Amino acid sequence: MTTVDPTADLPARPGDWMRERLSNALSEFTAAAALVVLFVALSFASPHFLTADNLFNIGAQTAVIAIIATAQTMVIITKGIDLSVGSVAALAGVVGAITVRDLGFSIWAATAVAIAVGALAGLVNGLLVTVARIPPFIATLGTMSAARGLVFIVTGAVGVYGLPESFQLLGNGQILGIPFAVVLTGVVAVGVAFLLAQTRFGQYTYAMGSNLEAARRSGIPVGRHLTAVYVLAGVLVGLGGMIAASRVNSGQPNYGIALELDVIAAAVIGGASLFGGQGRIIGTLIGAFLIALVRNGAVLLDISIHYQMVIVGLIIWAAVYFDQYRRRRLESRG
């Protein structure tokens, strides 16, 4: 019987492993430093930045990006990509809103439905990648288009309104003065971080991203595990979509357009490598907060959405270049 080597996804020598750990820490430190600088700059640039209402909005906005970016991080660690997150989040939020308005579901039952929608989309993505053997980029690109089309079909391209006040709980509710969405983000982050760092699920995930063929030969059920990663990612996307709908107390068919850029940027800024096998949730949270601050600061300073897109694009370029630079340094020292 074949057994799994727990160190299959690590560099061959302890020195290489230590250099990679230090490289990961450097990525997270750099992102955290940029976050602090941006926070201080916005504090001086806008008198509205440090108000309670704005900080609450930043927390809620960060929550949505962070939860969905956590999903994206898991996929990226496997050396994949999920371009469907924005469309799936919109579909989940719309379906959840419809179940509350038309079927009388509670917010919790509607959230379960939204999560199920995300899980189903994740299952489709996983099967397309593992069974149909379609590259993740193309598979999730197709899901992105199909899910967006379903959103418009279900809603008739009109927002879902007329929802009860209780629908706002996830997006605008508070627990001891802390936004409920932030609490959910903390629970998700701790849970996924533990899953990746302390369980066989995480070990398999990193091993597959580092060397898929080696993972297969060591006995890891590659197809089944990769599908599970996409399903779990879909669960988080569905939850994020429901929180986003709750924030505006409506289901918006246009929600999530270009959201995949923000969550990919958050993951890569935080140290997740598009080459696979690398990434931590703490880094993703830092990246999500940074992206949320960029978006929030742009609104406060009246910067056009088009310039915001340029800024996010530049951030992605810089993060990917830094990732490539780190990889080259590690390989040259190895």
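The values are calculated or read from the model by the stated rules, or taken from the named source; none is laboratory data. Since we're looking at a predicted model, the values are computed, not measured. Every residue, glycine among them, receives a Cβ derived from its backbone with ideal geometry; neighbour counts consider all protein chains shown. Accessible surface is based on the protein model in full, side chains and every heavy atom, while ligands, DNA and RNA are left aside. Shrake-Rupley method; radii C 1.70, N 1.55, O 1.52, S 1.80 Å.
The set of residues in segment 75-99 being hydrophobic (A, V, I, L, M, F, W, C) and over 23 Å from ILE257 (Cβ atoms) consists of ILE77 alone. Across segment 155-175, what is the total count of residues that are assigned to a loop (DSSP other than H, G, I, E, B) and not β-branched (Val, Ile, Thr)? Number satisfying all stated conditions: 8. Number of residues in segment 146-183 that are surrounded by 15 or more Cβ atoms within 10 Å (Cβ to Cβ), more than 24 Å from the chain's Cα centre (by Cα) and more than 18 Å from ALA97 (Cβ to Cβ) equals 0. Remark: PHE105 matches the filter, which requires a residue to be without any contact (Cβ under 8 Å) to a residue 60 or more places away in the chain, over 30 Å from HIS225 (Cα atoms) and open to solvent by 60 Å² or more (accessible area, probe 1.4 Å). Number of residues in segment 208-220 that are open to solvent by 10 Å² or more (accessible area, probe 1.4 Å) and either among the aromatic types (Phe, Trp, Tyr) or within 17 Å of ILE281 (Cα to Cα) (or both): the value is 0. Selection within segment 166-207: residues that are in contact (Cβ under 8 Å) with a residue 12 or more places away in the chain and hydroxyl-bearing (Ser, Thr, Tyr). The member of this set that is nearest to LEU285 (Cα to Cα) is THR185.
In this structure, does GLY251 turn out to be open to solvent by less than 10 Å² (accessible area, probe 1.4 Å) and either more than 12 Å from the chain's Cα centre (by Cα) or among the polar types (S, T, N, Q) (or both)? Spelling it out, GLY251 is indeed open to solvent by less than 10 Å² (accessible area, probe 1.4 Å) and either more than 12 Å from the chain's Cα centre (by Cα) or among the polar types (S, T, N, Q) (or both).
If the condition is being touching a residue at least 24 places away in the same chain (Cβ under 8 Å), of a type in the set (Val, Ile, Thr) and open to solvent by less than 60 Å² (accessible area, probe 1.4 Å), then segment 119-145 contributes VAL129, THR130, THR140, THR143. Of the residues ALA267, ALA245, the single one that is surrounded by 22 or more Cβ atoms within 10 Å (Cβ to Cβ) and either in contact with a strand residue (DSSP E or B) (Cβ under 8 Å, 6 or more places away or on another chain) or among the polar types (S, T, N, Q) (or both) is ALA245.
For ARG280, the conditions (1) modelled with pLDDT of 90 or more; (2) open to solvent by 50 Å² or more (accessible area, probe 1.4 Å); (3) within 20 Å of ALA181 (Cβ to Cβ) all hold with the exception of (3).
Counted as qualifying within segment 248-334 are the helices (runs of 4 or more DSSP H) with 3 or more residues that are among the charged types (D, E, K, R), namely 305-333. Per the listing ALA41, ALA71, the residue uniquely in a helix (DSSP H, G or I) and open to solvent by less than 40 Å² (accessible area, probe 1.4 Å) is ALA71.
Yes/no per residue for (1) in a helix (DSSP H, G or I); (2) more than 30 Å from LEU169 (Cβ to Cβ):
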residue: VAL192; (1), (2): yes, no
residue: THR205; (1), (2): yes, yes
residue: MET208; (1), (2): yes, yes
residue: ALA215; (1), (2): yes, yes
residue: GLY219; (1), (2): no, yes
residue: HIS225; (1), (2): yes, yes
residue: TYR230; (1), (2): yes, no
residue: GLY238; (1), (2): yes, no
residue: ILE243; (1), (2): yes, no
